[in-house]
1. When you go through (1) within 15 Å of the ligand (Cβ to nearest atom); (2) of a type in the set (A, V, I, L, M, F, W, C); (3) under 19 Å from Pro38 (Cβ atoms); (4) surrounded by fewer than 21 Cβ atoms within 10 Å (Cβ to Cβ) one by one for Ile110, which number turns out not to apply?
2. Kindly indicate whether any position in segment 62-71 is away from the ligand (no atom under 12 Å from the Cβ) and closer than 29 Å to Phe171 by Cα.
3. Can you tell me how many residues in segment 134-155 are in contact with a helix residue (DSSP H, G or I) (Cβ under 6 Å, 6 or more places away or on another chain) and outside any loop (DSSP other than H, G, I, E, B)?
4. Of the residues Val83, Val43, only one is more than 12 Å from the ligand (Cβ to nearest atom), in contact with a Pro (Cβ under 7 Å, 6 or more places away or on another chain) and over 21 Å from Arg167 (Cβ atoms); which?
5. What number goes with the only condition from (1) closer than 19 Å to Pro38 by Cβ; (2) touching a Pro at 6+ places or on another chain (Cβ under 9 Å) that Ala63 does not pass?
6. Select from segment 57-91 the residues that are over 14 Å from the mean Cα position of the chain (by Cα) and free of Cβ contacts under 8 Å to residues at least 24 places away in the same chain and write down the one among them that is nearest to Cys19 (Cα to Cα).
7. Looking only at residues in segment 126-156 that are at negative phi and in contact with a Phe, Trp or Tyr (Cβ under 8 Å, 6 or more places away or on another chain), which one is nearest to the ligand (Cβ to nearest atom)?
8. Given the structure, is Leu117 more than 16 Å from the ligand (Cβ to nearest atom) and farther than 25 Å from Gly17 by Cβ?
Amino acid sequence: MSPPPLESLEALRAWVGDCQRCPLCAGRTHLVFGSGNPAARLVFVGEGPGQDEDLEGEPFVGAAGRLLTDIIEKGMKLPRSEVYICNVVKCRPLRNRNPEPDEIAACSPILRSQLRLVGPEIIIALGKFAAQTLLASDTPITRLRGQWHEWEGIPVMPTFHPAYLLRNPAFKREVWADIRMVLARLGAAR
Ligand code: URA
């Protein structure tokens with residue numbers, strides 16, 4: 001069920017409540033809604049909380065999160081607090097398995113509402129699940145990344161997930177190329 005029209009992220013968080021809309025609620029410690037600037041120019045969308053995020057209730061606070069923070073702060077020279085960060089699914093899939101299509105479908109109205117409320121200038125989709133969900137596509141991330149796409153008129157840049165970069169550091173070069181395209185577009189819009 002989609003949320004009614006809401007005026008703020010806090011109102012959306014209240015509407016989500018103690019969510020029982022999919023089976024992931026059974027295994028969670030915290031629902032990880034999202035964090036950052038509610039009026040961010042740039043939103044990062046990840047896949048779903050891991051163990052650290054589930055325990056803390058914040059997105060991207062584990063090893064992949066530290067790499068994402070470096071990309072934002074050292075690479076893009078932006079304070080992490082200036083962007084908004086959320087995930088496709090808000091509750092941790094146990095043992096870090098991939099989210100199932102019905103779990104993604106149950107959580108998507110929340111993501112859509114979140115993105116409409118923030119209304120960023122650019123969305124970065126981190127990894128296959130974020131990119132394929134936002135773009136309603138089954139094209140592999142290797143072909144989606146590095147090109148501009150759109151979600152409800154907002155430019156979307158898919159890139160590799162930081163957890164993938166931890167396992168395959170050679171692909172940092174591609175991510176940096178994608179990030180440079182985002183920085184160029186953000187700079188041009190200033
Ligand atoms: N991976 C994700 O996709 N999201 C998080 O919040 C943490 C790790």
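1. (4)
2. Within segment 62-71 (the criterion being away from the ligand (no atom under 12 Å from the Cβ) and closer than 29 Å to Phe171 by Cα), the answer is yes, since at least one residue qualifies.
3. 4
4. Checking each option against the conditions leaves just Val43.
5. (1)
6. Going through the qualifying residues, I end up with Gly62.
7. Filtering segment 126-156 down to residues at negative phi leaves 126, 128-135, 137-145, 147-151, 154-156.
Now drop any that are not in contact with a Phe, Trp or Tyr (Cβ under 8 Å, 6 or more places away or on another chain), which leaves 126, 134-135, 141, 145, 155-156.
Values: Leu126: 6, Leu134: 13, Leu135: 17, Ile141: 13, Arg145: 15, Pro155: 21, Val156: 16 Å.
Per the criteria, the residue is Leu126.
8. Numbers: more than 16 Å from the ligand (Cβ to nearest atom): yes; farther than 25 Å from Gly17 by Cβ: no.
Taking the combined requirement at face value, the residue does not satisfy it.
Read-outs throughout are calculated quantities, based only on the coordinates presented, and are distinct from any laboratory measurement. Note that the structure is a prediction, hence the values are computed from the model and not measured. Here Cβ is always computed from backbone atoms with ideal geometry, including for glycine, and neighbour counts include all displayed protein chains.
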